[in-house]
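The structure appears right after this line, and notes come after that.
The values are calculated or read from the model by the stated rules, or taken from the named source; none is laboratory data. Bear in mind the structure is a predicted one, so any value in this text is a computation, not a measurement. Here the Cβ positions follow ideal geometry from the backbone for every residue, glycine too, while neighbour counts run over all protein chains shown. The protein model used for the area step is the full one, side chains on, heavy atoms only, and it has no ligands, DNA or RNA in it. Shrake-Rupley method; radii C 1.70, N 1.55, O 1.52, S 1.80 Å.
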Amino acid sequence: MADTWQSAMDHAVAVARRAGEVVRWALSDDRKVMTKSSAVDLVTQTDQKVEQLIIQSVKEKFPTHSFIGEESVAAGEACVLTERPTWIIDPIDGTTNFVHSFPFVAVSIGFSVNKQVEFGVVYSCLEDKMFTARRGKGAFCNGEPLQVSEQTDIQQSIIATEFGSNRDPEAVEKIFISLRNVLSLPVHGVRGAGTAAINMCLVASGCVEAYYEIGIHVWDVAAGSLIVSEAGGVLMDVDGSEVDLMSRRVIAANNKTIAQRIVKEIASFSPPRDDAPPLKQ
Ligand code: IPD
């Protein structure tokens, strides 16, 4: 079995690199922008094309595997994580960045078996950085091992977060309460790359101590979660309980002390889960 997953991971790295080339090439072209759940939840034909490219290529090699893909779910496919080997794909994490040529865009591929992420691949296409992690075998960037920061004092930390695409006034209010609380601790700074996957890779690289967000989806964080934990970090729900990748809430931190400190500052809310049954019309 171990060999099977290694060959799947090699395939994920190869296909992420190919997908990254398509994304880079598309940046020099006109981008037709469409919207999904809200006026600021953007999607382009490149997101759809890259997802199809990844799925087709994986299907040829691993015909029995399952998929959860951001654009397939947007097109109506179920978002259910089973025990089966499942590829969890975000073809372009940072679509808004991509639309605006803001230079942080990632292809994110997580691979789960028995509901446990076995490997994660995040290709930061414009930086040409390939982040990888295999369960129990460490995390790497372009082959170099990654290690989270050793900082335990939140006041000496940089924290990453994002505003997401939910503009519901109550959610926006809570996002700002959390942001104000964290900023006022005070922390050294608050940052956001515009992609959950890259924010998590920044935690794994030791550049920022933690990343938190409410509203992300499983495809944004599946790969990054393993990259963080294999670099020595921790994952937690925003209320301090065990992380659940379908719950759309995450703290990824260098250690428990920093994560638990952030928990105290978050005004939490619960968006509909990724695996919630569709609302009846
Ligand atoms: C989004 C990005 C963004 C985060 C959103 C995600 P997408 O993913 O990761 O940073 O704030 O919550 O949905 O739509 O660009 O794949």
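With a threshold of 25 Å on the Cα-Cα distance, the over-threshold entries among Lys36/Lys115; Lys115/Lys256; Lys36/Lys174; Lys32/Lys61 are Lys36/Lys115; Lys32/Lys61.
Here the Karplus curve 6.51 cos²θ - 1.76 cosθ + 1.60, taken at θ = phi - 60°, turns the phi angles of region 182-199 into couplings of 5, 4, 7, 3, x, 9, 4, x, 10, 9, x, 7, x, 9, 4, 4, 5, 4 Hz, with x standing for Gly and Pro.
In whole percent, what relative contact order does region 154-263 give with Cα contacts below 8 Å and a gap of six or more residues?
Computed over region 154-263, the figure is 27 percent.
Using the Cα gyration tensor of the chain, with a ≥ b ≥ c the square roots of its eigenvalues, what is the shape: rounded (a/c below 1.5), prolate (a/b larger than b/c) or oblate (neither)? It comes out rounded by the Cα gyration axes.
Rolling a 1.4 Å sphere over the protein heavy atoms, what is the accessible area per residue of region 111-181, to the nearest Å²?
Numbers: 3660 Å² over 71 residues.
I get 52 Å² per residue for this part.
With R₀ set to 35 Å, the beta-carbon distance separating Leu185 from His100 gives a calculated FRET efficiency near 0.70.
Of the accessible area of region 127-281, with the probe set at 1.4 angstrom, what percent is carbon plus sulfur? Numbers along the way, then the final one.
Values: 3590 of 7120 Å².
Heavy-atom surface of region 127-281 belonging to carbon and sulfur, 1.4 Å probe: 50 percent.
Mean separation of Cα pairs under 8 Å and 6 or more residues apart, divided by the residue count, gives the chain a relative contact order of 16 percent. The helix-based estimate of mean residue ellipticity at 222 nm for the chain, built from -39,500 (n - 2.57) per DSSP H run of four or more residues and divided by its residue count, is -11500 deg cm²/dmol to the nearest 500.
Can you give the longest stretch of the chain with no exposed loop site, where a site means GluC sites (Glu not before Pro) in a DSSP loop (not H, G, I, E or B) with at most 13 other C-beta atoms within 10 Å? Numbers along the way, then the final one.
Values: sites that count: Glu77, Glu83, Glu150, Glu242.
Counting at most 13 other Cβ atoms within 10 Å as exposed, the longest clean stretch of the chain is 151-241.
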